[in-house]
Structures are given as C-alpha cells and as structure tokens.
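Remarks on the structure that follows.
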Amino acid sequence: MIAFDLQCDAGHKFEGWFDNGDDFERQRAQALIECPFCGSKEIEKLFSPFTIKNGARTEKPAGEMDGPTPEQMIRHFYEHLSKDYEDVGGDFAKEALKIHYGVSDKKKIRGVTTEAEEKTLKDEGVEYLKVPMPRFDA
C-alpha cells in the first residue's frame, strides 16, 4: 500500500491509499476517486516530499502537533457544511429525489430524514452521507 497526497480542482487537499501508483492512475481514470470535502472527481496527485533519516531523532515536545488540531479540523468541516450546503430541513429526501431525477438543478443540500425516507433514498439509488450536526455553542 502507498499513500498519496491528493488535491481536487477546488483546492481541497486530502490523502488517499492505493495498492501502487498504477492503481491510483486506474482509479482516477475511472473517476473512482472523490474529494471528501466537495465531491469533485477532478483529482491530482501532489508532490510528496520525503526525508531520509540520518539516525538522529528529533521529537516534538509532548502535545505539540503540525497543522490544525483535530478540533479545528472538525470545526472547519462543519463550517463548510453550514456555509456551502443549503439547509432544506425535513424536505431533504424530497429534494434529494428531485435532484437525483433531474427535476431540480444539482446543488449541495443538507437536512434531516426519517428511517423510512432513508430506505426510499437507498432503494432509489440516491447517494447521501449521514453526518450528525453538533452544536458548538452548547
């Protein structure tokens, strides 16, 4: 297995794991790789720098991390959902079906469903992702 740093055409960066470089190219050609942030299938492999260890260990002090903290990443993810996805509330299933069948224009939506509505969406082949929406003001 090999991990590649990837980026979509909207600039979102993420990591993908593949059997080898050829596997990445095959999946990209078949549009099987999707940005986890926006759903884009226009994916490029980024240059991944590497280091060669010389035997000396340099460790960060306990608790120090590179990049954003897990809390910052989670907050960013939910801010993205709140900002970039239209909240259709309890009409999620109805709106998702309209988009799926081309009755409504394709757009990013979020909302709530009942178990029965989720079953209908699954039976109709509508792809969706259930994400709990926490309250950060609590």
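Throughout, read-outs are computed from the coordinates displayed, never taken from laboratory work. Every value quoted in this text rests on a predicted model; they were computed, and no experiment measured them. Cβ placement follows ideal geometry from the backbone for every residue including glycine, while neighbour counts extend to all protein chains displayed.
With respect to the cross-link table entries Lys13/Lys94; Lys98/Lys122; Lys45/Lys83; Lys83/Lys119, which display a Cα-Cα separation exceeding 22 Å? The pairs that break the limit, which is 22 Å between Cα atoms, are Lys13/Lys94; Lys45/Lys83; Lys83/Lys119.
Applying D = kT/(6 pi eta Rh) to the range 73-138, where Rh is the Kirkwood radius over alpha-carbon pairs, T corresponds to 37 °C and eta to 0.692 mPa s, the Stokes-Einstein value obtained is 257 µm²/s. Here the gap between Lys106 and Glu86, fully extended at 0.36 nm per residue and compared with their Cα-Cα distance, gives a gain of 6.0 nm. What number comes out for the charge environment of Ala3, summing +1 per Lys or Arg and -1 per Asp or Glu over other residues with Cβ under 14 Å away? Combined, the nearby Lys, Arg, Asp and Glu give -2. The range 69-138 and the range 3-31 have Cα centres lying 25 Å from one another. If you take all other residues with their beta carbon under 14 Å from the beta carbon of Phe14, and give Lys and Arg +1 and Asp and Glu -1, the sum is -2. Restricting the range 66-138 to GluC sites (Glu not before Pro) that sit in a DSSP loop and have at most 11 other Cβ atoms within 10 Å of their own Cβ leaves Glu127.
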